[in-house]
1. Tally up the residues in the range A:90-101 that are touching a strand residue (DSSP E or B) at 6+ places or on another chain (Cβ under 8 Å), in contact (Cβ under 8 Å) with a residue 60 or more places away in the chain and over 15 Å from residue A:69 (Cα atoms), please.
2. Which one of the conditions (1) within 11 Å of another protein chain (Cβ to nearest Cβ); (2) farther than 22 Å from residue A:89 by Cα; (3) of a type in the set (S, T, N, Q) does residue B:58 fail to meet, given that it meets all the rest?
3. Working only within the range A:89-110, note down all residues that are part of a loop (DSSP other than H, G, I, E, B) and not small (Gly, Ala, Ser).
4. Given the structure, is residue B:97 within 12 Å of chain A (Cβ to nearest Cβ), free of Cβ contacts under 8 Å to residues at least 12 places away in the same chain and more than 15 Å from the chain's Cα centre (by Cα)?
5. For the range A:8-23, how many residues are more than 14 Å from chain B (Cβ to nearest Cβ), of a type outside the set (Lys, Arg) and either part of a loop (DSSP other than H, G, I, E, B) or buried (at least 17 other Cβ atoms within 10 Å of the Cβ) (or both)?
6. Regarding residue A:33, is this residue within 17 Å of residue A:65 (Cα to Cα) and assigned to a strand (DSSP E or B)?
7. When you scan the range B:17-32, do you find a residue that is closer than 16 Å to residue B:93 by Cβ, at the interface with another protein chain (Cβ under 9 Å from one of its Cβ atoms), at pLDDT 95 or above and in contact with a Lys or Arg (Cβ under 9 Å, 6 or more places away or on another chain), even just one?
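The values are calculated or read from the model by the stated rules, or taken from the named source; none is laboratory data. The structure displayed is predicted, hence computed values, not measured ones. Note that we place each Cβ from the backbone using ideal geometry, even for glycine, and neighbour counts take in every protein chain shown.
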Amino acid sequence: AQRVTQPEKLLSVFKGAPVELKCNYSYSGSPELFWYVQYSRQRLQLLLRHISRESIKGFTADLNKGETSFHLKKPFAQEEDSAMYYCALLASGGSYIPTFGRGTSLIVHP
Amino acid sequence: GAGVSQSPRYKVAKRGQDVALRCDPISGHVSLFWYQQALGQGPEFLTYFQNEAQLDKSGLPSDRFFAERPEGSVSTLKIQRTQQEDSAVYLCASSPGQTWGETNEQFFGPGTRLTVL
């Protein structure tokens, strides 16, 4: 069975500081990995997926199969980045059942 | 256009009551998913529909939970004889394709917060 671990429940930084939200997974195959974000009073929405290798709102995430990690990074945090962030994994082979981490609350102080 | 909508947004039930939670997916979306999110946790899969067919209900925690999507659009999640451990946010998500992942995104509703007293 797969597992997603987000070790930090809360991450607090100041505006302009770099931010890294950690995500580690356990899965023996080749997973699809995603970051979801939930801003205050908004619904859960996709931020980025590893397969697309894109930067969204200045965030990037690289899949490191050796370390089984998919950390989310941004070089300069903004106040509007304050939100709840969830890492999610889909197993290979056409699975549609995601495994979510418990989430990390990011607070960016002015 | 309108996104996924859910109703009610908040529901308080006394232990033992039956509740029905509604999900209106994005029009034309083939796939519909229900998740349960307990406080401080990520969403956990409950069940999956492809059109009107319930293809997977492996995540439903007990036989008190029942979901349907009779016409392939609106879905209802019913919980019978609610228990305190059923208190959670119930999320609905829909996807345009037969599944989601690399090529298809799932779009979430705002959720229904169920509190069982």
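1. 2
2. (2)
3. Going residue by residue through the range A:89-110, those that are part of a loop (DSSP other than H, G, I, E, B) are A:91-98, A:101-103, A:110.
Correct list: A:96, A:97, A:98, A:102, A:110.
4. Details: within 12 Å of chain A (Cβ to nearest Cβ): yes; free of Cβ contacts under 8 Å to residues at least 12 places away in the same chain: no; more than 15 Å from the chain's Cα centre (by Cα): yes.
It is false that residue B:97 is within 12 Å of chain A (Cβ to nearest Cβ), free of Cβ contacts under 8 Å to residues at least 12 places away in the same chain and more than 15 Å from the chain's Cα centre (by Cα).
5. Step one: filter the range A:8-23 for residues more than 14 Å from chain B (Cβ to nearest Cβ), giving A:11-20, A:22.
Those still in the list that are of a type outside the set (Lys, Arg) too: A:11-14, A:16-20.
The next check asks that each one be either part of a loop (DSSP other than H, G, I, E, B) or buried (at least 17 other Cβ atoms within 10 Å of the Cβ) (or both); those that pass are A:11, A:13, A:16-19.
Residues flagged as more than 14 Å from chain B (Cβ to nearest Cβ), of a type outside the set (Lys, Arg) and either part of a loop (DSSP other than H, G, I, E, B) or buried (at least 17 other Cβ atoms within 10 Å of the Cβ) (or both) within the range A:8-23 amount to 6.
6. Working: within 17 Å of residue A:65 (Cα to Cα): yes; assigned to a strand (DSSP E or B): yes.
Judged against the criteria, residue A:33 is a match.
7. No, the range B:17-32 has no match at all.
For (1) closer than 24 Å to residue A:42 by Cβ; (2) among the polar types (S, T, N, Q); (3) surrounded by 14 or more Cβ atoms within 10 Å (Cβ to Cβ), each residue gets a yes or a no:
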| residue | (1), (2), (3) |
| --- | --- |
| B:8 | yes, no, no |
| B:15 | no, no, no |
| B:31 | yes, yes, yes |
| B:74 | yes, no, yes |
| B:86 | no, no, yes |
